[in-house]
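Trainee: Provided herewith is a single structure, encoded as structure tokens, for subsequent inquiry.
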2 protein chains.
Amino acid sequence: MLITHEKNVGNLSGRPMGVNKIDDDGTMWFFTRASSSKVDEIEESRKVAIAITNESSNNYLMIHGTATLVDDKSKMKELWSSVMKAWFPLGLADPDMTLIKVTPSEVEYWDSSSSKMIVLFNILKAIVTGKEYAEGEHGKINL
Amino acid sequence: MLITHEKNVGNLSGRPMGVNKIDDDGTMWFFTRASSSKVDEIEESRKVAIAITNESSNNYLMIHGTATLVDDKSKMKELWSSVMKAWFPLGLADPDMTLIKVTPSEVEYWDSSSSKMIVLFNILKAIVTGKEYAEGEHGKINL
């Protein structure tokens, strides 16, 4: 989920997005329609967040970063793959196509990659022993 | 993921949360530590969002709402279950316990509850036919 600030009203706005490429330094690239509301929202406020959740394996990531709109056809060509035709049938010639580049500044993670049984066991153990449940690893990485 | 506005800096802040109860009108209840940063953040800005993603079944929900801190012991007693002891070993007597009540105003959903094979088939169909991929149902509900 890419989360942006809705214009004026102080609301948050989010939508599921597929990341197109992740650079070695963590920079993330997304293709989007230039006419979409998220593009307007990024123009107003470049601070965005990306929430990645994997409930089945109990992993949660919250990425904080700065979004930049990159209207660069040569970069689009570099990132383009034929699968993108499903979203942009006109291909690279589509005038309503742009890139969102997200430069992450902080990543927060909650990692309890255990099976549901182990999580349940740890919760039950906490209840029986009267000790607070240890939810697995949690930390912040500043980039 | 419960997403709040970080104090002062205009950043977004998020963390995985388990909802304790959902009322018939959609009001959501969460137990939390009164000393946690999310409580400070809600005191500053009551507009929150809840992102629920289920990648394996291709369902995504973005709930927008208003958070209220409810420091009401009788409500806590009503919502309490012994499983909560894993997070609050002291039980209802814990002085560092409070409730977050989220009243939703808008729910946005993306529902492509299809198997990965069907999603892949639809993407391939879009590529071959040159028609934009229909990502399943998407809509907004104002409450």
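Trainee: Sequence gap of 8 or more, or different chains, plus Cα separation below 19 Å: how many lysine pairs satisfy both in chain B?
Mentor: Summing the qualifying lysine pairs gives 19.
Trainee: With every protein chain present, what is the per residue accessible area of chain A (1.4 Å probe, Å²)? Before the final figure, lay out the partial values.
Mentor: Details: 7550 Å² over 143 residues.
Accessible area per residue: 53 Å².
Trainee: Using a 7 Å offset from the Cα along the Cα-to-Cβ direction at both B:A34 and B:S81, what is the distance between the two label points in nm, to one decimal?
Mentor: Placing both labels 7 Å along Cα→Cβ, they lie 2.5 nm apart.
Trainee: Put a label point 7 Å from Cα along the Cβ direction on A:R33, then list its distances to the equivalent points in the other copies in nm, shortest first.
Mentor: Here the equivalent label points are 4.4 nm apart from this one.
Trainee: Would you please give the FRET efficiency between B:K21 and A:E137, computed as 1/(1 + (r/R0)^6) with r the Cβ-Cβ distance and R0 = 25 Å, to the nearest 0.05? Numbers along the way, then the final one.
Mentor: On the way: r = 28 Å, r/R0 = 1.13.
Taking R0 as 25 Å, the efficiency between B:K21 and A:E137 is 0.30.
Trainee: Where in the range B:40-54 does accessible area fall by at least 50 Å² between the isolated chain and the complete protein assembly, at a 1.4 Å probe radius?
Mentor: At a threshold of 50 Å² (probe 1.4 Å), the residues of the range B:40-54 that become less exposed are B:K47, B:T53.
Trainee: At 7 Å along Cα-to-Cβ for each site, give me the label-to-label distance between A:S56 and B:S45 in nm.
Mentor: Between A:S56 and B:S45, the label points sit 3.4 nm apart.
Trainee: Here's another thing I want to ask about it. Any idea of B:S82's accessible area? Nearest 10 Å², probe 1.4 Å.
Mentor: 70
Trainee: With +1 on the Cβ of every Lys and Arg and -1 on the Cβ of every Asp and Glu, and nothing else charged, how large is the dipole of the range A:1-59 about its Cα centre, in debye rounded to the nearest 20? Don't skip to the answer; put the middle values down first.
Mentor: Numbers: 7 positive and 9 negative charges, 34 e Å.
Approximately 160 debye in magnitude.
Trainee: If you wrap a convex hull around the Cα atoms of chain B, how much volume per residue is inside, in Å³?
Mentor: Details: hull volume 19.4 nm³, N = 143.
Cα convex hull per residue, to the nearest whole number: 135 Å³.
Trainee: Residues of the range B:102-143 losing 50 Å² or more of accessible surface, assembly versus chain alone, probe 1.4 Å, please list them.
Mentor: Hits at the 50 Å² cut-off: B:W110, B:I127, B:E132.
Trainee: In chain B, with Lys and Arg counted as +1 and Asp and Glu as -1 at Cβ, which of these residues, B:N58, B:L69, B:Y133, has the Cα nearest the positive end of the dipole, that is, farthest along it?
Mentor: Looking along the dipole axis, the top candidate is B:N58.
Trainee: First select every other residue whose beta carbon is under 9 angstrom from the beta carbon of B:T27; then total the charges, Lys and Arg +1, Asp and Glu -1. Mind showing how you got there, number by number?
Mentor: On the way: positive: B:K21, B:K101; negative: B:D23, B:D24, B:D25.
Taking every other residue near B:T27 into account, the sum is -1.
Trainee: So for the pair A:D71, A:D96, with labels modelled 7 Å out along Cα→Cβ, what separation do we get in nm?
Mentor: 1.6
Trainee: Further question: How far is B:L124 from itself in the other copies, in nm, if each label sits 7 Å out from Cα along the Cα-Cβ line, shortest first?
Mentor: Result for B:L124, in nm, nearest copy first: 4.4.
Trainee: When Lys and Arg each count +1 and Asp and Glu each count -1, what net charge do the other residues less than 14 Å away from A:A86, Cβ to Cβ, add up to?
Mentor: Values: positive: A:R33, A:K85, B:K125, B:K131; negative: A:D94, B:E132, B:E135.
Once positives and negatives cancel, what remains is +1.
Trainee: Based on Cβ point charges of +1 for Lys and Arg and -1 for Asp and Glu, what charge dipole magnitude is obtained for the protein assembly as shown about its Cα centre, in debye rounded to the nearest 20?
Mentor: Numbers: 32 positive and 40 negative charges, 92 e Å.
Around 440 debye, computed over the protein assembly as shown.
Trainee: Rounded to a whole number of µm²/s, how large is the Stokes-Einstein D of the protein assembly as shown at 20 °C and 1.002 mPa s, given Rh as the Kirkwood radius over C-alpha pairs? Each step should come with its number before you reach the end.
Mentor: Values: Rh = 20.7 Å.
Approximately 104 µm²/s, per Stokes-Einstein.
Trainee: Same structure, new question: Against the longest alpha carbon principal axis of chain A, how many degrees, from 0 to 90 and to the nearest 10, is the axis of helix A:116-129 turned?
Mentor: In chain A, helix A:116-129 runs at an angle near 40 degrees to the longest axis.
Trainee: Using a label point 7 Å beyond Cα on the Cα-Cβ vector, give me the inter-copy distances for A:E55 in nanometres, one decimal, shortest first.
Mentor: Reported distances to equivalent positions: 1.4 nm.
Trainee: Give the relative contact order (percent, whole number) for chain A; include only Cα pairs under 8 Å separated by 6+ residues. Don't skip to the end; give the middle numbers.
Mentor: Numbers: 247 pairs, mean separation 33.7, N = 143.
Across chain A, relative contact order equals 24 percent.
Trainee: How large is log10 I(q)/I(0) at q = 0.21, 0.25, 0.28 Å⁻¹ when the Debye formula is applied to the Cα atoms of the range A:47-120, each weighted equally and without solvent?
Mentor: -0.91, -1.03, -1.13
The values are calculated or read from the model by the stated rules, or taken from the named source; none is laboratory data. Keep in mind the model is a prediction, meaning the values are calculated, not measured. A quick note on method: Cβ atoms are made from the backbone with ideal geometry, for glycine too, and the neighbour counts reach across all protein chains shown. The protein model used for the area step is the full one, side chains on, heavy atoms only, and it has no ligands, DNA or RNA in it. Shrake-Rupley method; radii C 1.70, N 1.55, O 1.52, S 1.80 Å.
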